[in-house]
Amino acid sequence: MRARLALAYARIACQLREVVLKDKPQALLDASPKGTVPVLVLADGTVLEESLEIMLWALRQNDPDQWLSPTAGSLDEMQALIARHDSEFKPALDRCKYPSRYPQADAAAAAATANEFLGALNQQLAATGYLFGRDPSLADMAIRPFVRQFAGIDEAAWQNHAWPHLQAWLLRLTDSALFEQVMEKYPAWHPDEAGVLFR
């Protein structure tokens, strides 16, 4: 999701191949043997295998609203927060969202880790409504799709949390035209098809 957000925002057209990970096409494995998504194959053959890597590449091609240059803080600070999100919040989210996949995990500890991270985000958003200043930035767009997943686990519980700044911040994303564009569903790609033009 965050890779698609950046590509759409940067107005970079690409051929989209929606894959079913339970039935990985050989073309995906040829491009990226680790077999995870997203994968972006550039015109020169370079392969980008991580969503944040794809975001940074896209924004360095075209960044009309300066997502890489926040009105407060720096790119390094944004990347540090994203790294903490990816290493702390994302694993906790997975254990809250898919408990059957992690039968040995402590569900209460995972929920506590997620709530602590989200509470800190709520405080960071209090001053300006965005994570690094008065406008959306790379950090907002890299983190919000995963906060949306957490909110969807139990929507009533999400609304009952005392996180007004976080809840408003998430709503601004889900009410945006860019979000609607990248949330469009696509049929699974088959090797005899060209793929869908995404832009």
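The C-beta contact set for the range 28-57 (first residue polar (S, T, N, Q), second residue assigned to a loop (DSSP other than H, G, I, E, B), distance under 6 angstrom, 6+ apart or interchain) comprises Ser32/Val39; Ser32/Glu49; Ser51/Pro38.
Listed by position, the helices (runs of 4 or more DSSP H) contained in the range 87-172 that have at least 3 residues being in contact (Cβ under 8 Å) with a residue 24 or more places away in the chain are 90-97, 107-125, 138-153. Any residue at all in the range 8-23 that is loosely packed, with under 12 Cβ neighbours inside 10 Å, of a type in the set (A, V, I, L, M, F, W, C) and without any contact (Cβ under 8 Å) to a residue 40 or more places away in the chain? Taking every residue of the range 8-23 in turn, at least one turns out to be loosely packed, with under 12 Cβ neighbours inside 10 Å, of a type in the set (A, V, I, L, M, F, W, C) and without any contact (Cβ under 8 Å) to a residue 40 or more places away in the chain. Can you find a residue in the range 62-82 that is more than 30 Å from Arg199 (Cβ to Cβ), open to solvent by 60 Å² or more (accessible area, probe 1.4 Å) and in a loop (DSSP other than H, G, I, E, B)? Checked the range 62-82: no residue is more than 30 Å from Arg199 (Cβ to Cβ), open to solvent by 60 Å² or more (accessible area, probe 1.4 Å) and in a loop (DSSP other than H, G, I, E, B).
The combined condition, being over 18 Å from the mean Cα position of the chain (by Cα), under 29 Å from Asp192 (Cβ atoms) and surrounded by 15 or more Cβ atoms within 10 Å (Cβ to Cβ), is fulfilled by Ala31. The lone criterion from (1) open to solvent by 60 Å² or more (accessible area, probe 1.4 Å); (2) closer than 30 Å to Ala114 by Cβ; (3) in contact with a Phe, Trp or Tyr (Cβ under 8 Å, 6 or more places away or on another chain) left unmet by Ser87 is number (3). Only one entry in Asp106, Asp86 is at pLDDT below 95 and charged (D, E, K, R), namely Asp106. Just so you know, in the range 90-105 the residues that are surrounded by 12 or more Cβ atoms within 10 Å (Cβ to Cβ) and of a type in the set (Gly, Ala, Ser) include one that is nearest to the chain's Cα centre (by Cα), and it is Ala92. Scanning the range 160-180 for residues that are modelled with pLDDT of 85 or more and surrounded by 14 or more Cβ atoms within 10 Å (Cβ to Cβ) returns His161, Trp163, His165, Leu166, Gln167, Trp169, Leu170, Arg172, Leu178.
The values are calculated or read from the model by the stated rules, or taken from the named source; none is laboratory data. The structure presented is a predicted model; accordingly, all values stated were derived computationally and were not measured. Glycine gets a Cβ as well: all are built from the backbone with ideal geometry, and neighbour counts include every protein chain shown. What goes into the accessible areas is simple: the full protein's heavy atoms, side chains included, and nothing from ligands, DNA or RNA. Shrake-Rupley method; radii C 1.70, N 1.55, O 1.52, S 1.80 Å.
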